[in-house]
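Every number in this text was worked out from the coordinates using simple rules, so none of it is lab data. None of the values given here were measured: they were computed from a predicted structure. All Cβ positions, glycine included, derive from the backbone under ideal geometry; neighbour counts span all protein chains shown.
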Amino acid sequence: EVTVMLDVETPPYATSMPDDVAVRVGEVIRLQCLAHGTPPLTYTWTKLDGNLPPRAQVSGGDLQINLASAEDAGSYKCVASNKVANSEVIAKVTVRCKFTENSFPSAAPLAVRVSPQVEVKAQGSAVEFTCSSAGGIETKIEWLKEGGALPPNHHIKDGVLRIENLEQSNEGVYICRASSVYGQAQDAARLTIQALPKVMINVRTSVQTVMIGNSVEFECQAVGDPEPTVRWSKVGGSLPAHIMVKGGMLRIEKVTEADAGKYRCTATNNVGSVQSQVVLNVQSLPQIATLPETKEVTVGSDAVLPCVASGYPAPEIKWSKVEKELPPKCFQEHNVLTVPRVTHDDSGIYVCTASNKQGKVEAFTTLQVHERVMPYFAQEPLSYLTLPTIKNAYKAFSIKINFRPDNVDGMLLYNGQKKTTGADFISLGLVGGRVEFRFDVGSGMATIRDPNPVKMGEFHTVELYRNHTLGYITVDGREPINGTSQGKFQGLDLNEEVHVGGYPNYTVLAKTAGINTGFVGCIRQLVIQGEEVIFKDLDRSSTGVTNCPTCKDHPCQNGGVCEDSDASLYMCGCPRGFTGSNCQHHSSLHCHPEACGPDATCIPRTSSLGYECRCHLGKFGNKCMDGELVTTPLFGEESYIAYPPLTNVHDDLRVELEFKPMERDGLMFFCGGKKMKVEDFVAISMVEGHVEFRYELGTGQAILLSPEPVSLGQWHSVVAERNKRVGHLKVDQGPVEKKTSPGKAQGLNIHTHMYLGGVPDMDILPKPANISELFEGCIGEVSINNKQVDLSYSFTDSRSIRKCVDNSPCDRRPCLNGGDCLSSFEYEYQCLCKDGFEGERCEVVRDACQSNLQCQNGGSCVKGQCVCAPGRTGLNCEEISSLYNHPSGSLHPSATGGHCSNSPYQYAAHFHDDGYIALPKSVFPRSVSAHDSPETIELEINTSSSEGLILWQGVERGEHGKGKDFVSLGLQNGHLVFSYQLGSGEAEILSQKAINDGRWHKVTAVRTGKNGYIQIDGGVELSGQSKGRSLMVNTKGSIYLGGPPATGGAPDMAAMTGGKFSSGMTGCVRNLAMMNARPGQQPAQAIDLQTHAAHGINVLPCSS
């Protein structure tokens, strides 16, 4: 049997478009030579009876002559050639004189011009041809299609033919015919439709399974016009060198286990790219990741033995024990065996067996069970032990510790950096009997303290956890206490040993842990990152550490009587005059549970024996037993409370406080800088009944005043914040006031304490602050940068503070979401919640909807709750939001009387749950005539999203965007991606570094014709280019910021973006500017989002 391949080569056949061209002097002559035949084809243009003018430009089969003159008239010949033969075609050019102002129109011949003459467009996009005529009177214009009728998807307006949602059948020649009393004239244009390629991998199924050592091949077949190119790749990595690729064929001669995975075939032409993929599974014997040779645990702990195995088919995991049955108490979940509450009988060799139909393998690990060693830290004079630094703590860590304290102060754990590398650290200790957890990732410390003191001489369990900047502690299973570190850094770098129970030199820790003594007591269990620490060989790794005593060791001193205890090992009954868990303290010389009153902290003297009682706010006397604890302070004429100076407020400061004023004037909040010619400060005051927010950064004050006065004797809330020079003020539910401080200074430099209600000396206040009265009234909860201030504990000084007494507990308006407050007793209240809300303060939202039909005014039902459109609120979006102050909830300023400028997201917006703002396309006008006019998009972004749409402009609402023109900014694996499609191929420019680190980044995206670039934070410019000849973008839709969602009847994102994006970003965007100029050519004017927004959803103000 013989196979013969027959190739038939055809000569070229040439045609010209158009055959006859008539132009005026100074216009452009365009001729196109089209040919069919066996490629490759070459084209040659000549002029009969003359030469081509020097102004002529030849590109393939296209001839263009700019600035036509009378000498350019004549016949032009195109010769199309291939290796078989030649074919030629002749086009005739007529050049007419221009009209002059004095020429008589009726005497001029009728002339018609269609532009563009040739257009190449992608399937699904849109095209426009413009027909213009001259020389006639009462000229009538009509459009025709050569060889058939105009397609049904066309529109004609003012001589412009527009065809949308282009199909392959729309390809052809379109003729514009002009008729007048002086005759007829016509011109034509050719439309060529290009489509995305079609691609298919020639296999029976999309999943292929082969044995190791066998061969496999995949053939990728792709068709399209223009003809596509084919490229093979491996998802998640590069193609190994031993894989052979030839054309569309991929072949692996001897398959290895590493060859398993997804293989992708990408077909690309001028219109775009299409992908298809196949999964290759390689049957292989199971392989078990190395098990630890020995697993050590202590009596009473759980032994957790994971077994990770690979192979195909996925192996089954089974655990067993050598020479013995598995203890009945053992249980296996997936591949992990747990031996709970181990005893010495559980020690031995454990076997993990992984099996599939290719075979089975075994791995062994030895479980060693140790007696529990509990180290005791006496601090006589110094006790601590060291462990290796905490592993994998850069993003997160968890620690669990069970301990029995004998002293109210002391360091439990410390892990930091060596002096030469930085100040990152974590610490856990006791301060005045309270558990305190601190950490710093490099830009500001978090301090998290449990408010309840722990009992001495009893065991307690503390769990601490940190993820990036967020941390929390739980003590003895109580509710977790949260805290956040300040600044922009999120990663924790530790390279020092972990110190347990103490530290060799406490002066080094003065600015970090702030603890100057070691822990006294026992540690029963310590678990770091899920691994229990086995305390053994204490002599080698520790200083001054012994075993935790029992009654056999006679731990009770000064005549104390010892009794065994399950909860605390032992308990000492102390004689009169002595105290402490071991009766070790003389009652008058050392801190002990009865040393101070319940609203005080006992602090040992550092230089001598004895202690002092630090009274909480409002308490006084020898043991702080006198007075009344103040949690809500009342300020009189000379009152004040001082707190430590604020840190990490240089760029951002947000102050939230509750207040009940008794007088129309007075200083509520103040912090200032160093005494200089111009002193930085921040002040919040009552001024003639209004709330004033005033700040100075060094080059001039910003003064913001609430538009309405507040009522005296009632509770109010104020939020005052500044981001660099820009300040916002909001009182109760009133409008947001905005001002910007003058000059160039942007940072706030604070030196003084933070003062509430007043100051100890009026000389502290700078004269420009214009403050002459101190506050009279009550101040409730205070938060600085979203962290609540412990008013009664963390103060450093105070004067003349009394307890604020309300007539009713309902005066503070505790009920949320519109609930009504009923007073039941002096300090108790009950909230009557509106429909859809429950909980003690109506803070819990019940399901309000099952579908979008139950959400009014354009709201969407998401996870049982109505997500309302801007301007609407209420359980079912039935109410008008007070933020917008007008009947319709529209975003337009004409309806709000100008209040839009006070919007909390006038120039900045936070998007969540596929939130978006739709801006009309008029905010980004494009130059129609100049295809090389630059376009610039500038914005600042703060996000942690790895994927999502940031900005999109493309098709109109409801249309499918695949293959159509668009411009977009998005996130791809945390990196910024700038994409655009001009009708003949897509450009995609990706940033080198990720920007989803939760910090602000400035993004600049510039496009000039096909060429574009992006720049992040003023860094290097990364360039790219779209394919094909098209230079202009043809977008008809609105501009979406944050991403159009796929719920509530709003534009479906996946359809609108042609499958490029399926979700929006979560985070903040501010200072969006779009202009027809290069960066720096004109000032970048930020778009007022509130004024221009047509509609939007799930948008909040950006917090500091």
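Rounded to two decimals, the Cα radius of gyration of the stretch 742-814 over 2.2 N^0.38 Å is 1.40. Paramagnetic label reach from Lys536 (point 7 Å along Cα→Cβ; backbone nitrogen cut-off under 18 Å): within the stretch 303-325, residues 303-305.
What the Cβ-Cβ distance of Leu609 and His650 gives, at R0 = 41 Å and to the nearest 0.05, is a FRET efficiency of 0.45.
Extension gain, Arg813 to Gln275, is 187.8 nm, computed as 0.36 nm per intervening residue step minus the present C-alpha separation. Modelled spin labels at Arg802 and Met5, positioned 7 Å past Cα toward Cβ, are 10.3 nm from each other. Our estimate of slack between Gln850 and Glu146, defined as 0.36 nm per intervening residue step minus the Cα-Cα distance, is 248.0 nm.
In this structure the amide hydrogen of Ser945, modeled in the peptide plane, comes within under 5 Å of the amide hydrogens of Thr1066, none closer than 5 places in sequence on its chain.
Note on Lys47: aspartates and glutamates with a C-alpha under 20 Å away, same-chain residues under 8 apart excluded, are Asp19, Asp20, Glu27, Asp62, Glu71, Asp72, Glu88. 3J(HN,Hα) along the stretch 363-380, derived from phi through the Karplus expression 6.51 cos²θ - 1.76 cosθ + 1.60 where θ = phi - 60°, amounts to 9, 10, 9, 9, 8, 10, 10, 9, 5, 6, 9, 10, x, 10, 10, 9, 6, 10 Hz, with x in place of Gly and Pro.
With a Förster radius of 35 Å, plug the Cβ-Cβ distance of Thr229 and Leu1022 into 1/(1 + (r/R0)^6) and report the FRET value to the nearest 0.05. Can you show the working numbers first?
Details: r = 24 Å, r/R0 = 0.69.
It comes out at approximately 0.90.
Between Lys77 and Arg24, residue separation times 0.36 nm minus the direct Cα-Cα distance comes to 17.0 nm.
Here the 3J(HN,Hα) profile of the stretch 126-137, calculated from phi with Karplus coefficients 6.51, -1.76 and 1.60 at θ = phi - 60°, is 10, 9, 10, 10, 9, 10, 10, 10, 8, x, x, 10 Hz, Gly and Pro shown as x.
Each label was represented as a point 7 Å from its Cα along the Cα-to-Cβ direction; for Phe364 and Asp790 these points are 5.4 nm apart. Legend: calculated FRET efficiency, Glu838 to Arg251, from the Cβ-Cβ distance at R0 = 56 Å, rounded to 0.05, equals 0.30.
Tell me, His728, His155 in order of fewest to most beta-carbon neighbours within 10 Å? Could you put the intermediate results ahead of the total?
On the way: His728 23, His155 12.
Listed from fewest to most nearby Cβ atoms, that is His155, His728.
Taking trypsin sites (Lys or Arg not before Pro) across the stretch 52-85, the ones in a DSSP loop with at most 14 further Cβ atoms lying within 10 angstrom of their Cβ are Arg55, Lys83. Label-to-label distance, Ser206 versus Ser772, with points set 7 angstrom from Cα along the beta-carbon direction: 7.9 nm. Bridgeable lysines around Lys787 (alpha carbons under 17 Å apart, same-chain partners fewer than 8 residues away excluded): Lys488.
Within the straight-line cut-off of under 19 Å between alpha carbons, the lysines reachable from Lys803 are Lys619, Lys660, sequence neighbours fewer than 8 places apart in one chain being disregarded. Given the alternatives (i) 1.07; (ii) 1.24; (iii) 1.00, Rg/Rh (Cα atoms, Kirkwood Rh) as computed for this entry is given by (i). Based on the Kirkwood radius over alpha-carbon pairs, what is the Stokes-Einstein translational diffusion coefficient of the stretch 13-193 at 10 °C with 1.306 mPa s viscosity, in µm²/s? Answer, rounded: 90 µm²/s.
For a paramagnetic label modelled on Gln992 (point 7 Å from Cα along Cα→Cβ), amide N atoms under 19 Å away belong, within the stretch 949-986, to 972-978.
Can you give the helix-only mean residue ellipticity at 222 nm for the chain, where every DSSP H stretch with n ≥ 4 adds -39500 (n - 2.57) and the sum goes over all residues, rounded to the nearest 500 deg cm²/dmol?
Numbers: 3 runs with 12 residues, N = 1104.
Result for the chain: 0 deg cm²/dmol, rounded to the nearest 500.
Compactness of the stretch 375-548 is given as radius of gyration and Dmax, 14.7, 43 Å, from Cα positions.
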